[in-house]
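Working notes, beginning with the structure itself.
The values are calculated or read from the model by the stated rules, or taken from the named source; none is laboratory data. None of the values given here were measured: they were computed from a predicted structure. Counting neighbours? That spans all protein chains shown, and the Cβs are built from the backbone with ideal geometry, glycine included. Remember, those area values only see protein heavy atoms, side chains included, never the ligands or the DNA or RNA. Shrake-Rupley method; radii C 1.70, N 1.55, O 1.52, S 1.80 Å.
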Amino acid sequence: MLTKTTSMKKVTSALLTLVLALTCLGALSAGAETENRAPDYSQEENWAYYSVGADKDADLFLICPTVDVNDEFNMSLNDEATKESFVGALNMERGIYEGSTRMYAPYYRQAAMKVYALEEAEREPYLSLAYEDISAAFAWYLENENQGRPIILAGFSQGADMCYRLLEEYFGDEALQEQLVAVYAIGWPCTEEMTQAYPQIRPAAAADDVGVVVSFDCEAPELEETFINPAGQRAYTINPLNWKTDGTPADRTENLGACFTRYSGEIKREEAQLCGCYVNGTRGVVKVTDLDPADYPPVVPGLPEGAYHIYDYQFFYRNLQENVRARVEALYAREQASLPHWVDGAPTLVSVMAFVREAADPDSDAYIPPSGRIAVFDFDGTLYGERFPTYFDTCLFLYRALHDGGFTAAEDVRAYAEELEAALLNGEPEPDSPRSTAQMAAECFEGMSVDEYRAYVRAFMAQPAYGFDGMTYGEGFYLPMLSLVEYLYENDFTVFISSGSERLMVRELIDGRLDAWIPPDRVIGSTFSLAATNQGDKQGRSYTYSQEDEVLMEGNLVVKNQKANKVFSIVDEIGAPPVLVFGNSSGDLAMAEYCIQHSGKAWMLLCDDVERDYGDPVAAASFAEDYLARGIETISMRDEFETIYGEDAVLKLAIMDEAA
C-alpha cells in the first residue's frame with residue numbers, strides 16, 4: 001500500500017505530465033504557420049466537438065484553454081499534434097457538462113503560451129485573432145444549430161477570457177440573454193470593470209441563478225497575488241462548494257469529489273472531501289484549504305507556489321457537475337414560471353414540462369420521436385369557456401332559434417329553445433327535448449351555404465359574452481391553456497382538437513387564436529350533414545358535384561363527438577393514440593382512458609373559480625376525486641391560472657338575477 005507521501009508524489013508527477021501535455025507536447029510540431037483567415041465553421045472538420053450528446057436539455061459552447069507552446073503567437077490549425085492536445089484538454093473537463101448538454105467546441109487560432117509573457121497591451125492582437133475565430137464559430141452555431149435552445153458557455157483560462165468576449169459581443173441581446181443558463185468562466189477573473197462596461201456580465205450569486213457568470217481562480221491561503229489575479233484588482237468570484245460570495249468557509253466535507261482526468265476524459269483519480277475553500281472578497285479569489293502547496297505545484301511559467309490555477313475545475317469537479325444540472329433545471333423552472341398566464345410553480349406545468357423533457361430526450365427511456373408526439377385537447381371547458389351561460393354551440397343555437405329576426409325556427413324547436421334558455425339563465429335543470437339539441441341546431445342552419453354558416457358564426461363571435469363585461473364570445477378562450485398549446489407545438493408536438501361541438505364552427509372560432517398551432521385539418525368534432533345545391537334526393541355517393549354547385553348545410557346531425565366516439569374519431573382521423581390528452585368532463589373521459597391505456601398522460605380542467613368565472617368548487621372537488629382515482633391529473637383554474645380570459649373580462653356576479 002502506498003504511503004501518503006508516495007501517493008502525493010505520484011499525483012504530482014501525474015499532474016506535471018498533464019500540464020505538460022496541455023502546454024508542451026505541441027512543441028514537437030515546430031514550423032506550422034498561423035493561417036490568416038478564420039476557419040469555415042460550416043465544415044464539421046473545424047469543430048473538435050460537433051453536436052456531441054444529441055438532444056440534451058441545453059447546448060454547451062466549450063472553448064479550449066491554452067495548449068499551444070509553439071514559436072508562433074497563434075496556433076496553426078494545420079498542426080495536428082497540437083490539435084490532439086486541444087481535444088485532450090477539452091476531454092479533461094467535458095465530464096462536468098456532458099450529462100446535461102449537447103456539446104460544441106470549435107478549433108480556433110488560440111493565443112500561444114508565449115503570448116502570456118508579453119505585457120497586457122502587447123497580448124491583445126493575438127487574443128483578438130483568437131476571438132475572431134470564436135466569434136465566427138458562435139455566430140455560425142447560433143444561426144444553424146441552436147434553434148432557441150438553452151445555452152451554456154464554458155471555458156478554462158484562455159477559454160474563460162473568450163467567454164467574456166462572447167458575452168460582450170452577443171449577449172446584449174435580451175432574447176439571447178433569456179437562453180443563457182450560465183457562463184462557466186473558470187480560471188480567469190470577472191473584473192469589476194467588465195461588469196460596469198457590460199451589464200449583461202452578471203456574476204453568479206447563488207447555486208441556481210441563471211444567465212450569470214460562474215468564475216473563480218484558486219490559491220493557497222498565504223498567496224497574495226499572481227499575474228492572473230494581481231494585487232489591487234477587484235474581481236467577482238463564487239465559492240464552488242457552498243455557492244456563496246462572501247467569506248463563509250466551506251468545509252472539505254462539502255466537496256463531492258475532486259477528479260483528475262486523462263486526455264481521454266477518463267478519471268484517473270477521484271477523491272471526495274479533498275479540500276475546502278473560502279472566498280477572499282478583497283481580491284476575488286477562492287482560497288483552498290486542507291492542502292500542501294508542494295503537492296500541487298503551479299507548473300505554468302510565472303505562477304508562484306500556491307497558485308492552484310491548473311487545478312481550478314479538478315478540485316471541485318463533482319460539485320461543478322451537480323451545479324450545471326441545477327442551473328439547467330433552474331432555467332427550465334424559470335421557463336415554466338414565465339409561461340404566460342400561469343401562476344409560478346403551477347403543478348400542471350411542472351408535470352407537463354417534465355413529461356415533455358423526457359419525451360424530447362433521445363437518451364431517455366421515455367423518448368418519443370416527434371412523429372409520435374400527439375396531444376389532443378377538448379374544446380369547450382378546456383380551451384374555451386362554457387359558462388356564457390353554456391357551451392358556445394348551444395348559445396349559437398339559442399340565438400338562431402329565438403333572437404335572429406331574419407329566421408323563424410320550427411314551432412317545436414322554438415318552444416324547446418325558450419324553455420332551455422329560461423332554465424340556463426335561472427340555474428335550473430335543462431328541460432326534456434324532443435330530439436337532441438345538436439340535431440335541432442343542425443335543422444336551424446338547413447339550406448345555408450357553408451360559407452354563409454361560417455360568416456354567421458363569425459358574426460355571433462362579435463356579440464358580448466353573456467355574464468361578462470369586456471369580453472365577446474370570440475374572446476372567451478382560456479389564455480393559460482392557449483399558452484400550453486403553443487408550448488407543446490414549439491416542442492414538436494402535433495396538437496389536435498377533439499370537440500363535442502360542430503367542427504366547422506370550432507374551426508371558425510379558433511381562426512386567428514389557435515390556428516397557428518392547430519390548423520383546420522386538426523380539428524375533430526361533431527358533424528352536420530352536407531349536400532350540394534343541385535343534389536336533390538340523391539345520396540352523396542350517387543351524385544357528381546359540379547362547378548355550378550355550392551356546399552350547403554343539409555340539416556342533420558351525422559355524429560356527436562363525445563365519450564367513446566372521441567376514441568373512435570381519434571382512431572379514424574389521427575391514426576395513432578395521443579400521448580397527452582386534456583379535457584374537462586365525462587364526455588372526455590373515454591379519450592383520457594384511451595391515452596393512459598397507451599402509456600400517455602391525461603389532465604382534466606376543473607372549473608372551480610368563483611371570482612373570475614362561474615365555477616362550482618363542490619362539483620369540481622367531486623370530479624377531481626374520480627379523475628385522480630383513474631390516474632388522471634387535474635388542473636385547477638382557481639389555483640393555477642394567473643388570469644382566465646384576460647384582465648378586461650369582468651364577471652357579472654349578479655347574472656342570475658338578470659335572467660330574461
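See the values below:
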read-out: Pairs from K114/K287; K538/K560; K56/K566; K83/K244; K56/K563; K56/K114 whose Cα-Cα separation, in the structure shown, is over 31 Å; value: K56/K566; K83/K244; K56/K563; K56/K114
read-out: Calculated from backbone phi, Karplus (6.51, -1.76, 1.60) coupling profile of region 448-456 in Hz, x at Gly/Pro; value: 7, 5, 4, 5, 5, 4, 5, 5, 5
read-out: Where N is the number of residues in region 175-249, Cα Rg divided by 2.2 N^0.38 Å; value: 1.14
read-out: Share of alpha-carbon pairs per 5 Å distance bin for region 590-642, given as whole %; value: 5, 21, 28, 19, 14, 9, 3, 0
read-out: Gyration tensor verdict on region 518-626 (Cα atoms; rounded if a/c is under 1.5, prolate if a/b is larger than b/c, oblate otherwise); value: prolate
read-out: Point-to-point label distance, K114-D549, nm (Cα→Cβ direction, 7 Å offset); value: 8.6
read-out: Residue-normalised accessible area of the chain, expressed per residue, 1.4 Å probe, Å²; value: 42
read-out: Protection-proxy order for peptides 130-143, 263-276, each taking the mean of Cβ atoms within 10 Å per residue, highest first; value: 130-143, 263-276
read-out: Ratio Rg/Rh [Cα only; Rh per Kirkwood] for region 562-660; value: 1.07
read-out: Percent RCO, i.e. relative contact order, over region 558-607, from Cα pairs under 8 Å lying at least 6 residues apart; value: 37
read-out: Relative packing of 392-403, 439-450, which averages over residues the other C-beta atoms within 10 Å, highest first; value: 392-403, 439-450
read-out: All-pairs Cα distance distribution in region 349-492, expressed in whole percent, bin size 10 Å; value: 10, 31, 26, 16, 13, 4, 0
read-out: Principal-axis tilt of helix 4-23 within the chain, Cα atoms, nearest 10 degrees; value: 80
read-out: Under Karplus coefficients 6.51, -1.76 and 1.60, residue-wise ³J(HN,Hα) of region 528-540 in Hz, glycine/proline x; value: 9, 5, 10, 8, 8, 3, 9, 6, x, 8, 6, 6, x
read-out: Compactness of region 331-424, expressed as Rg and Dmax over alpha-carbon positions, Å; value: 22.1, 64
read-out: Environment charge at I632 (Cβ cut-off 14 Å; Lys +1, Arg +1, Asp -1, Glu -1); value: -4
read-out: Sorted peptide list for 555-566, 526-537, criterion being average Cβ within 10 angstrom, highest first; value: 555-566, 526-537
read-out: Ellipsoid semi-axes in whole angstrom, largest first, where each is sqrt(5λ) of the Cα gyration tensor of region 198-307; value: 22, 19, 15
read-out: Partner aspartates and glutamates for K652 [C-alpha distance under 20 Å; skip if fewer than 8 residues away on the same chain]; value: E386, E421, E428, D469, E475, D608, D609, E611, D613, D616, E642
read-out: All Cα pairs of region 89-147, percent lying beyond 19 Å; value: 49
read-out: Values of log10 I(q)/I(0), in the order q = 0.11, 0.15 Å⁻¹, for region 437-584 under a Debye, Cα-only, solvent-free model; value: -0.51, -0.92
read-out: Carbon and sulfur %, accessible surface of the chain computed with the full protein complex present, 1.4 Å; value: 48
read-out: Inverse of mean 1/r across different Cα pairs in region 143-221, Kirkwood, Å; value: 12.9
read-out: Label selected from [x] 50.8, 145; [y] 33.0, 103; [z] 24.6, 76, the criterion being Rg and Dmax of the Cα atoms in Å as computed here; value: [y]
read-out: Under-5 Å amide H pairs with K56, H placed in peptide plane, nonlocal only; value: R102
read-out: Within the chain, helix-based [θ] at 222 nm, where runs of 4 or more DSSP H residues each add -39,500 (n - 2.57), nearest 500; value: -10500 deg cm²/dmol
read-out: Gyration tensor over alpha-carbon atoms, region 407-481, equivalent ellipsoid semi-axes in Å; value: 24, 20, 11
